[in-house]
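Remarks on the structure that follows.
Nothing in this text is a laboratory measurement; each read-out follows from the coordinates by a stated rule. As the structure is a prediction and not an experimental result, all values here were calculated from the model. Note that we place each Cβ from the backbone using ideal geometry, even for glycine, and neighbour counts take in every protein chain shown.
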Amino acid sequence: MSQPVFYYDTNSPYAYLAAHRVDELLPVRPEWRPISFGVIVRETGKVPWSFGDRGPGIAEIARRARERGLPEVRYPNEWPVGSYSLAPLRALLLADGPEQLRAVTLELFRTAFVEGRALSDPPTLLDATERAGMDRERVREGIERPEIKDRLRTHTDAALEAGVTGVPTVAVDGELFWGDDRLEQAAAALSPS
């Protein structure tokens, strides 16, 4: 069995919830792979729940966060569209290995959904990556590098080709488990029968 892949975007509160438990739930530690949900929306024509009546989704996220002992979820101003940016996803691709990737991801999620600050704001993004141990200037320069932009595009295109239509999604040997509420099923697919 190959290593599972955890696809996510830092603008997704459901991915925020999943990120806090995916490593513990899955019997095999997944590869964390940031992708652009904005591109997936554009390419698939999907209309996310957050573009319509957000009340039920926000209430569900608040309930899950409470049940899991996470802080109250706050949303950046103009979320989801006005706060969306590729810069945080590119910053994640500058991480030095999987441990730093996880640490930076969790700090970006904390900044967005605990502090309620938009990662589209460059100083906010740089502050968050610095708190997670990344060099601020390296991030500032790196998110503009063509090879980093291409890498994010490649990750997102590969996710689309694999059939990913939303985040969070866990891929287990070609089978996709979309949603924070499907992590248990992904874990079962990874467990020996």
inquiry  = Just to verify a number: FRET efficiency for residue 24 and residue 114, C-beta to C-beta distance, R0 = 22 Å, to 0.05?
reply    = 0.70
request  = Pull out a ≥ b ≥ c, the square roots of the eigenvalues of the alpha-carbon gyration tensor of the range 64-105, then state rounded if a/c is under 1.5, prolate if not and a/b is larger than b/c, and oblate in the remaining case.
outcome  = oblate
key: Cα gyration tensor shape of the range 126-168, rounded if a/c is under 1.5, else prolate or oblate by comparing a/b with b/c   = oblate
ask   = So what are the ³J(HN,Hα) numbers for the range 126-141, from phi and the Karplus equation (6.51, -1.76, 1.60; θ = phi - 60°), rounded to whole Hz, Gly and Pro as x?
value = 5, 4, 5, 5, 5, 4, 8, x, 8, 6, 4, 5, 5, 5, 4, 6
request  = Please list the non-local residues whose amide H lies under 5 Å from the amide H of residue 36, H modeled 1.01 Å from N, same-chain partners needing a gap of 5 or more.
outcome  = 156
inquiry  = Based on alpha-carbon atoms only, what is the radius of gyration of the range 116-193 relative to the globular estimate 2.2 N^0.38 Å?
reply    = 1.45
Neighbourhood net charge (13 Å Cβ-Cβ; Lys/Arg +1, Asp/Glu -1) for residue 122 = -2
ask   = Of the beta bridges DSSP finds with both residues in the chain, what % are antiparallel, to the nearest 5?
value = 65
key: Top positive-direction residue, dipole computed over the chain with Cβ charges, set 59, 3, 19   = 59
request  = At most 14 other Cβ atoms within 10 Å plus a DSSP loop assignment makes a site exposed; report the longest stretch of the chain without any exposed GluC sites (Glu not before Pro).
outcome  = 1-71
key: Cα-Cα P(r), the range 10-88, percent of pairs per 10 Å interval   = 15, 44, 36, 5
Exposure proxy order (Cβ contacts within 10 Å, fewest to most) of 167, 28, 39 = 28, 39, 167
task = Treating only the Cβ atoms of Lys and Arg (+1) and Asp and Glu (-1) as charged, compute the dipole magnitude of the chain about its Cα centre; round to the nearest 20 debye.
result = 260
ask   = Measuring from the lowest to the highest alpha carbon on each principal axis, how far does the chain reach, largest first, in angstroms?
value = 48, 37, 33
ask   = Assuming R0 = 30 Å, what is the FRET efficiency of residue 53 and residue 77, from their Cβ-Cβ distance, to the nearest 0.05?
value = 0.95
